[in-house]
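Comments concern the structure below.
FYI, it's all coordinate maths here, none of it is from the lab. Everything numeric here is computed off the predicted structure, so don't read it as measured data. Every residue, glycine among them, receives a Cβ derived from its backbone with ideal geometry; neighbour counts consider all protein chains shown.
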Amino acid sequence: MNPYMTEPSPGDNLKRFFREGSALANLIIINVVVWLLVQVFRIIFFLYNQPDAALATTSIIRIFGVPASLTSLINKPWTVLTYMFLHIDIWHVLFNMLWLYWFGKIFQEYLGGRKLMVVYFLGGISGALVYIFAFNIFPVFSPSLPISYALGASASVMAIVTAISFKVPNYSVYLLFFGRIRILYLAIALFIFDFFMIPTGNAGGHIAHIGGALFGFLYIQLVVRSNGSVSGAYKRKGWFFRKKTMKVTANDNTSRPISDEEYNVQKAQKQKRMDSILDKISKGGYDSLTRDEKDFLFRSSGKR
């Protein structure tokens, strides 16, 4: 490693992330801007003698939140889309955006921004439909049916989390108190948590999460897999089990021994590429690398 190389600060990486204008960055920006507009609207109501801003909050939710009542939904069909960008509480938007950022970056790296947008929107719609279906079918929700609304990006985020977890199940992340854990186990744990939390409060939210997760799972199994878009390092083996396979490159020629000259040429080429990658890291950080460059770096460092 170059001793003069300086690691970009988290702030620099964040600035570069939003300057790139990726699908993930745009989704986060839209959610945050909508939240800020909601807060401005609530402040205006406060200034006009509504101290608790209850009227403003109720009005916003009724206009943009998705209702459980089919009668209300018919009159406000746009809410199936707008609800997934609507947050009232700061902690709600903060945690949703953090999860979207963490798992959205992994998703975008393996499947691209276009598929990220598809899963975000269709996952959110699926969450809304499952929520509406449950509240109109199960008798326990009858008393709250006329006044129940869902809002937030949680269903969309759960769709992204589940989709990428089944796409690259061996991908691991570090969690405080738990250490490194595969994202597949994390997605399954979240699904189980939402299921068992239905009777304890915010049933509509947990049901919408389940709807988003189910879409994410089906999207990977029925759309991405059927199109043959399987990650180079992971291949399908049944519905839940995957095995890691080794990549074979053009340089892996074991049919004959190579000469000292050929070995030196290959070594020089690898060193030249390594220098180029390290230079790229020094200018734009690790996240500026392509997936192939990251794979090469890991292989060369013996961590792959």
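Roughly how many debye, to the nearest 20, is the charge dipole of the stretch 10-232 about its Cα centre, given +1 on each Lys and Arg Cβ, -1 on each Asp and Glu Cβ, and no other charges?
On the way: 13 positive and 6 negative charges, 98 e Å.
Computed about the Cα centre, the dipole is about 480 debye.
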(request) Within the stretch 45-84, find all residues whose amide N lies under 18 Å from a label point positioned 7 Å from the Cα of Ile30 along Cα-to-beta-carbon. (result) 64-66, 77-84
(message) Taking R0 as 51 Å, what FRET efficiency do you get between Leu55 and Thr290 from their Cβ-Cβ distance, rounded to the nearest 0.05?
(response) 0.50
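Using only the Cα atoms of the stretch 1-151, build the gyration tensor, take square roots of its eigenvalues as a ≥ b ≥ c, and label the shape rounded, prolate or oblate: rounded if a/c is under 1.5, else prolate if a/b is larger than b/c, else oblate. List each step's numbers first, then the result.
Values: a/c = 2.99, a/b = 1.61, b/c = 1.86.
Since a/c reaches 1.5 but b/c is at least a/b, the shape of the stretch 1-151 is classed as oblate.
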(request) Mind ranking 59-68, 32-41, 120-129 by how tightly packed they are, going by the mean number of other C-beta atoms within 10 angstrom, highest first? (result) 120-129, 59-68, 32-41
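Please label the shape of the stretch 151-207 as rounded, prolate or oblate, based on the square roots a ≥ b ≥ c of the eigenvalues of the alpha-carbon gyration tensor (a/c under 1.5 means rounded; beyond that, a/b larger than b/c means prolate, else oblate). Could the numbers behind the result be given before it?
Numbers: a/c = 2.38, a/b = 1.64, b/c = 1.45.
Prolate, because a/c is 1.5 or more and a/b exceeds b/c.
Using a ≥ b ≥ c from the Cα gyration tensor of the stretch 23-88 (square roots of the eigenvalues), is it rounded, prolate or oblate, where a/c under 1.5 gives rounded and otherwise the larger of a/b and b/c decides, a/b for prolate?
On the way: a/c = 3.40, a/b = 1.12, b/c = 3.02.
Oblate shape, in that a/c is at least 1.5 and b/c is the bigger or equal ratio.
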